[in-house]
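Novice: What follows is a single structure, and I will ask about it in a moment.
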Amino acid sequence: MPFSAASERNKGPILTALRQWLPTAPSVLEIGSGTGQHGAHFCEHVAGLRWQLSERPCGLEALRLSLKELGPSVAAMGAELLPALPLDVDALDHWPDQRYQAVFTANTLHIMAAASIPNLLRGSAAVLA
């Protein structure tokens, strides 16, 4: 199964911070879900959370394999770990049509091309409710 040591290390501190900012029963779009560890962990601990995973098309298969292992533990909190969407931040006309209360990304900006960061911000602004 794909695994991210960085996600494993930082999921607890990130959850602590998210709890201070997320509204009740939030809907969140994650940019660059990687292995899905963050989304699965947050869904295990935040009641009513709707977590939309996304990944660049080239990483979708690895994410889907990881979710087969991570997904079953999520339902206990009434949360939804939604199937991953293909999302390339540079394809501004292919962002989801749905609106979200928050956009989350971790362990991504330092590996993203600098020219892609404004696109991530533009796309995020477009999908926020």
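The values are calculated or read from the model by the stated rules, or taken from the named source; none is laboratory data. Source: prediction; values computed, not measured. Side chains are part of the model used for accessible areas, which takes the heavy atoms of the whole protein and leaves out ligands, DNA and RNA. Shrake-Rupley method; radii C 1.70, N 1.55, O 1.52, S 1.80 Å.
Novice: Taking only Cα atoms and a 10 Å spring cutoff, compute GNM fluctuations for the chain and point out the largest among GLU55, GLU69, GLU30.
Specialist: GLU69
Novice: Along segment 52-61, what does the Karplus equation 6.51 cos²θ - 1.76 cosθ + 1.60 (θ = phi - 60°) give for ³J(HN,Hα), rounded to whole Hz, x for Gly and Pro?
Specialist: 8, 6, 8, 7, 4, x, 5, x, 5, 5
Novice: Can you list the residues, at least 5 places off or on another chain, whose amide H is less than 5 Å from the amide H of TYR100, using H built in the peptide plane?
Specialist: For TYR100, whose amide H was placed from the backbone, the distant partners under 5 Å are LEU128, ALA129.
Novice: Now for a different question. Please report the carbon-and-sulfur percent of the accessible area for the chain; probe 1.4 Å, protein heavy atoms only, DNA, RNA and ligands left out. Write out the running numbers ahead of the final one.
Specialist: Numbers: 4080 of 6890 Å².
Carbon plus sulfur share of accessible area: 59 percent.
Novice: Would you please report the Å³ per residue occupied by the convex hull of the alpha carbon atoms in segment 1-120?
Specialist: Numbers: hull volume 12.3 nm³, N = 120.
Normalising the Cα hull of segment 1-120 by residue number yields 103 Å³.
Novice: Let me ask something else. Averaged per residue, what accessible surface does the chain expose to a 1.4 Å probe, in Å²? Please report the intermediate quantities before stating the final value.
Specialist: Details: 6890 Å² over 129 residues.
Here the residues of the chain average 53 Å² of exposed surface.
Novice: Could you work out the relative contact order of the chain? I mean the mean sequence separation of Cα pairs under 8 Å and 6+ apart, divided by the number of residues, in percent. Present the calculation step by step, with values, prior to reporting the outcome.
Specialist: Values: 214 pairs, mean separation 34.7, N = 129.
That works out to 27 percent.
Novice: Could you pull the Rg and Dmax for segment 77-129, using just the Cα atoms, both in Å?
Specialist: Spelled out, the Cα radius of gyration and Dmax of segment 77-129 are 12.1, 38 Å.
Novice: Please list, in chain and number order, the residues 5+ apart from ARG50 or on another chain whose amide H is under 5 Å from its amide H, with Hs placed from the backbone.
Specialist: Hits under the 5 Å cutoff: SER27, VAL28, GLU80.
Novice: Using helices alone, what [θ] at 222 nm do you get for the chain, with -39,500 (n - 2.57) per DSSP H run of 4 or more residues, divided over all residues and rounded to the nearest 500? Kindly include the intermediate steps, with their values, before the conclusion.
Specialist: Values: 4 runs with 48 residues, N = 129.
Helices in the chain give a 222 nm mean residue ellipticity of -11500 deg cm²/dmol.
Novice: Running a GNM on the chain with Cα contacts under 10 Å, which residue among ARG50, ARG99, ARG19 ends up with the highest mean-square fluctuation?
Specialist: Evaluated over the chain, the most mobile residue of the options is ARG19.
Novice: Would you mind telling me which residue in PRO23, PRO118, PRO13 has the biggest mean-square fluctuation in a Gaussian network model of the chain, where springs connect alpha carbons within a distance under 10 angstrom?
Specialist: Result: PRO13 has the largest fluctuation of those listed.
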